[in-house]
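The values are calculated or read from the model by the stated rules, or taken from the named source; none is laboratory data. Note that the coordinates shown come from a computational prediction; the quantities given were computed from them, not determined experimentally. Cβ: placed from backbone, ideal geometry, glycine included. Neighbour counts: every protein chain shown. Protein only, heavy atoms only, side chains kept; ligands, DNA and RNA dropped before computing areas. Shrake-Rupley method; radii C 1.70, N 1.55, O 1.52, S 1.80 Å.
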Amino acid sequence: MSSYSHGVSDTPLLGDTIGADLDRAVANWPDREALVDVPSGRRWTYAQFAADVDELAYALLASGVAKGDRVGIWAVNCPEWVLVQYATARIGAIMVNINPAYRTHEVEYVLKQAGISLLFASLSHKTSDYRAMVDEVRGKCPQLRQTVYIGDPSWDALLDRATPAPYPELSCDDPINIQYTSGTTGFPKGATLSHHNILNNGYFVGEMIAYTEQDRICIPVPFYHCFGMVMGNLAATSHGACMVIPAPSFDPRATLEAVQQEHCTSLYGVPTMFIAELNLPDFATFDLSSLRTGIMAGSPCPVEVMKRVVAEMHMAEVSICYGMTETSPVSLQTRRDDDLEHRTGTVGRVLPHIEVKVVDPATGVTQPRGTAGELCTRGYSVMLGYWNEPEKTAEAIDAGRWMHTGDLAVMREDGYVEIVGRIKDMIIRGGENIYPREIEEFLYAHPKIADVQVVGVPHERYGEEVLACVIARDPADPPTLEEVRAFCEGRLAHYKVPSRLQVLESFPMTVSGKVRKVELRETYAAD
């Protein structure tokens with residue numbers, strides 16, 4: 001039997017835009033809660049949420065934002081993020097998600113590459129002063145006409161412009177969202193997603209865990225990822241469920257307090273988040289009995305953690321998801337009644353209306369079941385392409401419209417898939433995908449570094465950590481870890497900054513002259 005599987009389904013794909021789907025939810029459940037922000041205590045019913053979405057959409061139109069224009073959002077989790085998501089979808093503007101951990105080096109690139117004309121931003125969060133960083137790069141980004149800060153008079157000034165006007169005609173195949181995914185060859189690439197891509201993915205992920213209007217979803221994962229805005233927000237609104245924001249960024253205590261206070265039925269997170277919650281000294285004092293389900297994704301879940309999540313967090317129907325930004329994101333998911341082994345040993349089976357196959361990376365031929373190869377996926381979920389990068393799009397999506405994931409996988413006889421390795425050298429640190437090439441290209445500019453190779457090495461808490469192996473320009477004056485970290489400070493997102501440094505005289509090489517990263521990983525894994 002070949003490693004090919006197709007998600008046959010009697011439930012049809014949604015042919016709507018995100019705005020039309022929201023209208024359906026409002027018509028069905030106008031008085032049910034749509035959105036709760038626990039930190040501020042603000043609440044919206046579906047009718048109130050839609051009214052505020054429309055007000056913001058009208059304000060954007062009055063500000064000159066047209067269908068197809070790029071509107072950036074560089075913010076932590078807050079209700080305004082969600083309003084921007086649905087308001088831009090209403091008018092056919094393309095929302096560009098910017099990671100709140102980005103620094104000037106990265107945000108300048110995204111503003112230019114996407115051609116962002118209006119930017120929404122948080123004022124500040126932790127050590128980030130977003131206004132100062134925008135001021136620093138604005139002069140280099142001529143297309144940026146306006147910046148609106150959340151929680152600032154500029155937000156109210158924008159809303160004051162709202163004047164009801166007809167919405168543009170939209171197709172569900174229009175691009176609606178750009179999400180930057182770090183490239184293996186330097187700067188991130190903008191995965192461009194349509195209404196059809198993300199609305200259906202959110203809907204079917206929610207179907208797999210039986211969402212209804214009775215569900216209340218605690219979303220501590222970031223909205224700038226598909227995990228938050230698709231599997232969280234769009235899964236909620238396509239089922240009339242409620243989105244619950246526990247905190248601006250992940251806080252284990254705030255998460256469990258939100259579940260308890262809001263009687264959440266579903267909780268999301270990467271395994272490290274669940275571990276942090278379970279490890280709270282007073283974990284046992286929280287009443288989590290309202291929980292039924294949830295989603296764990298981002299990296300494999302340890303068996304003992306899964307056992308505790310099911311038993312102590314009452315999440316008997318918790319689901320594991322596998323995907324990538326380029327596929328909107330989910331391709332494979334475990335089902336509500338799957339056993340412990342399937343939830344920890346696999347990443348599930350194919351979702352409805354999607355195809356997956358495992359191929360020989362060299363020949364492209366589909367492998368027999370039980371044989372490792374590259375995982376490929378095809379269907380409604382595959383992105384439109386990388387924004388303004390047709391060559392990179394062609395490298396990822398072949399002539400048959402198969403998306404090549406770069407992950408090594410094995411499809412079992414029962415159709416469930418195990419991820420066994422990575423063709424690329426991606427590092428996954430606490431659920432964040434890190435591509436060494438981007439960090440390497442950045443560190444090449446360090447005055448003391450002649451050459452650099454970045455690899456992931458095991459880390460007890462984060463799964464992996466970033467190790468920079470460098471060759472010094474002057475062997476008598478090598479760089480220190482403190483110097484390298486200081487060089488990155490404020491210019492690279494914190495999770496990309498190397499936590500370890502190894503100064504070498506030379507790198508291990510293959511016969512053909514390529515650096516043997518696998519040897520570097522193995523040599524320093526045990527240190």
Proximal lysines relative to Lys112, as straight alpha-carbon distance under 23 Å, when same-chain residues fewer than 8 apart are discounted: Lys67, Lys140, Lys189, Lys392, Lys496
Sorted on mean Cβ neighbours within 10 Å (highest first), peptides 143-155, 346-358 come out as 346-358, 143-155
Sorted by accessible area with a 1.4 angstrom probe, largest first, how do Ser122, Ser9, Ser289 fall? Ser289, Ser9, Ser122
Any cysteines in the chain with zero other Cys Cβ atoms under 4.7 Å from their Cβ? List them, or say none. Cys78, Cys141, Cys172, Cys226, Cys242, Cys301, Cys321, Cys376, Cys469, Cys488
Treating region 380-527 as a set of equal point scatterers at the Cα positions, no solvent, please give the Debye-formula log₁₀ I(q)/I(0) at q = 0.11, 0.16 Å⁻¹. -0.53, -1.00
When only Cα pairs under 8 Å and 6 or more residues apart are kept, what is the percent relative contact order across region 383-527? 15
Determine the gain in length on full extension of the stretch Ala20-Ser249; use 0.36 nm per residue of separation and subtract their C-alpha separation, reporting nm with one decimal. 79.5 nm
For a protection proxy built on the mean count of beta-carbon atoms within 10 angstrom, sort 468-481, 35-48, 294-307, 215-228 highest first, please. 215-228, 294-307, 35-48, 468-481
Net charge of Cβ neighbours under 9 Å - reference Tyr180; Lys, Arg +1; Asp, Glu -1: 0
Carbon and sulfur together cover what percent of the accessible area of region 1-110 at a 1.4 Å probe radius? 49
R0 of 60 Å, Cβ-Cβ distance Arg131-Arg401: FRET efficiency to nearest 0.05: 0.90
Which percentage, to the nearest 5, of the DSSP beta bridges contained in the chain is antiparallel? 60
Which helices count as membrane-span-like in the chain under these terms: full DSSP H, at least 18 Å along the axis by C-alpha, Kyte-Doolittle mean of 0.0 or more? 46-62, 79-91
Could the peptides 195-206, 492-503 be put in order, highest first, of the mean number of other beta-carbon atoms found within 10 Å of their residues? 195-206, 492-503
Would you work out which of Ile428, Thr11, Leu340 lies farthest towards the positive end of the dipole of the chain? Charges go on Cβ: Lys and Arg +1, Asp and Glu -1. Ile428
Dipole of the chain, positive end: most advanced residue of Val76, Val454, Met324 [Cβ charges, Cα centre]: Val454
Find how much the distance from Glu169 to Leu13 grows on full extension, using 0.36 nm per residue of separation minus their present alpha carbon separation; answer in nm with one decimal. 54.1 nm
Label-point separation (nm) for Glu522 and His494, each offset 7 Å from Cα along Cα-to-Cβ? 3.5
re the chain: pairs of Cα atoms spaced beyond 44 Å account for a percent value of 12
With each label point set 7 Å from Cα along the Cα-Cβ vector, what nm distance links Gln146 and Lys112? 2.5
The chain: calculated mean residue ellipticity at 222 nm from DSSP helix runs of at least 4, using -39500 (n - 2.57): -8500 deg cm²/dmol
On a full-extension model of 0.36 nm per residue, what is the gain between Ala362 and Ala316, subtracting their alpha-carbon distance, rounded to one decimal in nm? 12.5 nm
How long are the semi-axes of the ellipsoid equivalent to region 221-292, from square roots of 5 times the Cα gyration tensor eigenvalues, in whole Å, largest first? 21, 15, 9
Amide H neighbours of Ile449 under 5 Å, at least 5 residues apart or on other chains, H built in the peptide plane: list them. Arg473
